[in-house]
Amino acid sequence: MEKYDISQIIEFKTGTYQLNSDANFNFQLNRVIMWDGGDADEVAAVSQNIKTSSDWVSAMEQLAEKAHAEGRTANEIAYLRMSEFFIYDTDPKKKQRYTEACELFYDYYSDYFDKGIVEQHKVPYCGGHLPVMVTKAKGERKGALLLHGGNDSYFEELFFPMLYLAENGFDVYLYEGPGQGGVLRLQEMKFTHKWEKPTKAVLNYFKLNDVTIVGASLGGYLAPRAAAFDKRIKRVVGWSIFPDFFDVIICDHPKPMRKTIDSMFRMGLDAPLNKLYTKMMEKEEIIKWNLLHGMYAYDAKTPCEYVKKIRKFTLKDIADKIDQDVLIIGANKDHFIMPYLFHEEYDMLQNARSLTLRLLTDKQNAGAHCNVGNSKLVLDSIIKWVECCTE
């Protein structure tokens, strides 16, 4: 197995690929290439044959086997990791694939840890622990950043963004909380909308103050939520528009349908809603996967109970408590989050010390969810914004 050369300059891929007619599969395939280290040509070669979650798992496993046989460990890590993504949570193979990918990752990049460039910590939390990677600023220190992902993240994806931020002057604390990565898969800790609790544990453990928090995807809600209740956080970056989880998942529905679904929830019509979701799962496997994974990750017994839980993931009732500097970064072609939600978030954050909204576009290869096609542009935007806030 070849080893990664830690003296290499950190470079991010740039590009957007049309690989699959299904928007979610297409996004996840781009994620394999742009964030996880997959090879664009070989991912493209299998992409059109992916119609179901089972197809996805088979395709990624085949690519992982090929990469392993050819000694391409970085590619193998990407395919192993993302083969796990669409495995149902009740399948024992999910935890097996996750563990294999993680073990390979930490072995391949071991020099970063052995040479002290990155430290690994276990922060005690609720009878278990939160894994944290820490890397210190190179050159003049500009401040401290807390960095975390969102709904389906694992923090190894943010390893190189963490290193890039450190190269640009920041101490970075990259962590997973309940519902994410190994905290979910290995410790069975389910999501909490009270993100200030795991964040407080990290802040206390490292005795941090005057920090910037950066949350990606669902982290666009989680990070502002933590800031609302912990004023050691002075600056907030929502790396996606996320004022309200429920609004996000129905925002691409016609307005009358959104109102109908909302009314049904408010009236407590659980039985007909569960029947509706069951029919949707029978018709589309991607909906089935999303709902079943959501029920697992949020500790819900029915689709309706799951949606009730995600309705707690909203800034609507706590936005007035957010009085820090805030940066919200969106994407104009985000298939998960409609850009019009920018207006909803803007209207909520009336007490922010400053509020900056930035909508990146497909012309910048940054129009997809979390701007997956141009990570460097996002990170540079965050760096410049923090510098301006701390001048």
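The values are calculated or read from the model by the stated rules, or taken from the named source; none is laboratory data. Everything numeric in this text was worked out from a predicted model, so none of it was measured. Methodologically, a virtual Cβ is constructed for each residue, glycine included, from the backbone with ideal geometry; neighbour enumeration extends over all protein chains shown. Accessible surface is based on the protein model in full, side chains and every heavy atom, while ligands, DNA and RNA are left aside. Shrake-Rupley method; radii C 1.70, N 1.55, O 1.52, S 1.80 Å.
Run through region 21-121 and list the trypsin sites (Lys or Arg not before Pro) located in a DSSP loop whose Cβ has at most 16 other Cβ atoms within 10 Å.
Sparse-neighbourhood loop trypsin sites (Lys or Arg not before Pro): K51, K115.
Counting pairs of alpha carbon atoms under 8 Å apart in space and at least six apart in sequence, what relative contact order in percent does region 1-49 give?
Over region 1-49, the number comes to 33 percent.
For region 92-191, just the Cα set please: Rg and Dmax, both in angstrom.
Considering region 92-191 through its Cα atoms, Rg and Dmax are 13.9, 47 Å.
So what does T192 come to for accessible area, using a 1.4 Å probe and Å² rounded to 10?
Ignoring ligands and nucleic acids, T192 comes out at about 30 Å².
Give me Rg over Rh for the chain, both radii from the alpha carbons and Rh done the Kirkwood way, two decimal places.
0.94
Please compute the modelled spin-label separation between F12 and L186, points set 7 Å along Cα→Cβ, answer in nm with one decimal.
It works out to 2.7 nm between the two label points.
Output the pairs from K279/K308; K138/K200; K115/K138 with a Cα-Cα distance over 24 Å in this structure; if there are none, say none.
Result: K138/K200 exceed 24 Å.
With a/c under 1.5 counting as rounded, go ahead and sort region 211-299 into rounded, prolate or oblate using the C-alpha gyration tensor (a ≥ b ≥ c being the square roots of the eigenvalues; past the cut-off, prolate if a/b is larger than b/c, else oblate).
It comes out prolate by the Cα gyration axes.
If the chain between E282 and H343 were fully stretched, how many nm would it gain, using 0.36 nm times the residue separation less the Cα-Cα distance?
18.5 nm
Roughly how many Å² is the accessible area per residue of region 1-83, as a whole number, for a 1.4 Å probe?
Per residue, region 1-83 has an accessible area of 46 Å².
Each label point is 7 Å from the Cα along the Cα-to-Cβ direction; what then is the distance between the points at K259 and A44, in nm?
The modelled label-to-label distance comes out at 4.6 nm.
Restricting to DSSP loop positions (anything but H, G, I, E, B) with no more than 14 other Cβ atoms inside 10 Å of their own Cβ, which GluC sites (Glu not before Pro) remain in region 1-87?
Within region 1-87, the qualifying GluC sites (Glu not before Pro) (loop, at most 14 other Cβ atoms within 10 Å) are E2, E11, E70.
Put +1 on the Cβ of every Lys and Arg and -1 on every Asp and Glu Cβ in region 310-388; which of P339, A352, C388 then has its Cα farthest towards the positive end of the dipole?
Final value for the positive-end residue is P339.
In whole Å and largest first, what semi-axes does the C-alpha gyration tensor of region 232-374 yield when each eigenvalue is scaled by 5 and square-rooted?
29, 19, 14
Across 5 Å bins from 0, what is the distribution of all Cα-Cα pair distances for region 1-159, in whole percents?
All Cα pairs, binned at 5 Å, distribute as 1, 8, 15, 20, 20, 15, 11, 7, 3, 0 percent.
What's the local net charge at K312, with K and R +1, D and E -1, over the other residues with C-beta under 11 Å away?
Summing Lys/Arg as +1 and Asp/Glu as -1 gives +4.
Where the accessible area of region 332-391 is counted over protein heavy atoms with a 1.4 Å probe, how much of it, in %, is carbon and sulfur?
50
Evaluate 2.2 N^0.38 Å with N set to the residue count of region 153-275, then give the Cα radius of gyration divided by it.
1.27
For region 291-391, what is one quarter of the convex hull surface built on the Cα atoms, given in nm²?
7.8
Test of understanding: in a Gaussian network model of the chain with alpha carbons linked when under 10 Å, which of G150, G177, G268 would top the mean-square fluctuation ranking?
For the chain, modelled as a Gaussian network with Cα springs under 10 Å, the answer is G268.
Could you work out the relative contact order of the chain, using alpha carbon pairs under 8 angstrom and six or more residues apart, expressed as a whole percent?
Relative contact order for the chain comes out at 14 percent.
Taking region 175-274, which GluC sites (Glu not before Pro) meet the DSSP loop condition and have no more than 14 other C-beta atoms within 10 Å?
The qualifying sites are E188.
Under a Cβ-only charge scheme (Lys and Arg +1, Asp and Glu -1), can you give me the dipole magnitude of the chain about the Cα centre, in debye to the nearest 20?
1360
Taking the Cα centre of region 58-208 as origin, sum charge times position over the Cβ atoms of Lys and Arg (+1) and Asp and Glu (-1), and report the length of that vector in debye to the nearest 20.
Computed charge dipole of region 58-208: roughly 640 debye.
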